Amino acid sequence: MNKTYLLDYHILTKSGKRLKSNKPARVSNAMSDLHAKIKLETFLKKKHPGFDKLIIDKCVEDYDGSNFIEFFNDITKGNPFG
């Protein structure tokens, strides 16, 4: 099941400038937190030509309603009372 992650991050440019994100990045359809980080880095490399490094400050799974419903459906599969 693919998940959605929220990542707080900042990037370092080749000129040594540090750019901090204003709000968490939402990365969807990731198989794991590592996959979410890689997807974000790939996106930022395209967006910022001077991109050098990605530094992740925080990475958490986003438990919005749709993920909860999928999780609940997985738990109740095969339940004769459900």
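Miscellaneous remarks
- Nonlocal amide H pairs with ASP62, under 5 Å, H built at 1.01 Å: THR4, TYR5, LEU6
- Between GLU61 and ILE38, the modelled labels are 1.9 nm apart [label points 7 Å from Cα along Cα→Cβ].
- Ordering MET31, MET1 from the fewest to the most neighbouring beta carbons within 10 Å gives MET1, MET31.
- Fully extended contour minus Cα-Cα distance, from LYS46 to SER15, at 0.36 nm per residue: 9.5 nm
Just so you know, all these numbers are worked out from the coordinates, no wet-lab data involved. This one's a predicted model, so the numbers in the text were calculated from it and none came from an experiment. Here the Cβ is made from the backbone with ideal geometry for all residues, glycine too, and neighbour counts use every protein chain on show.
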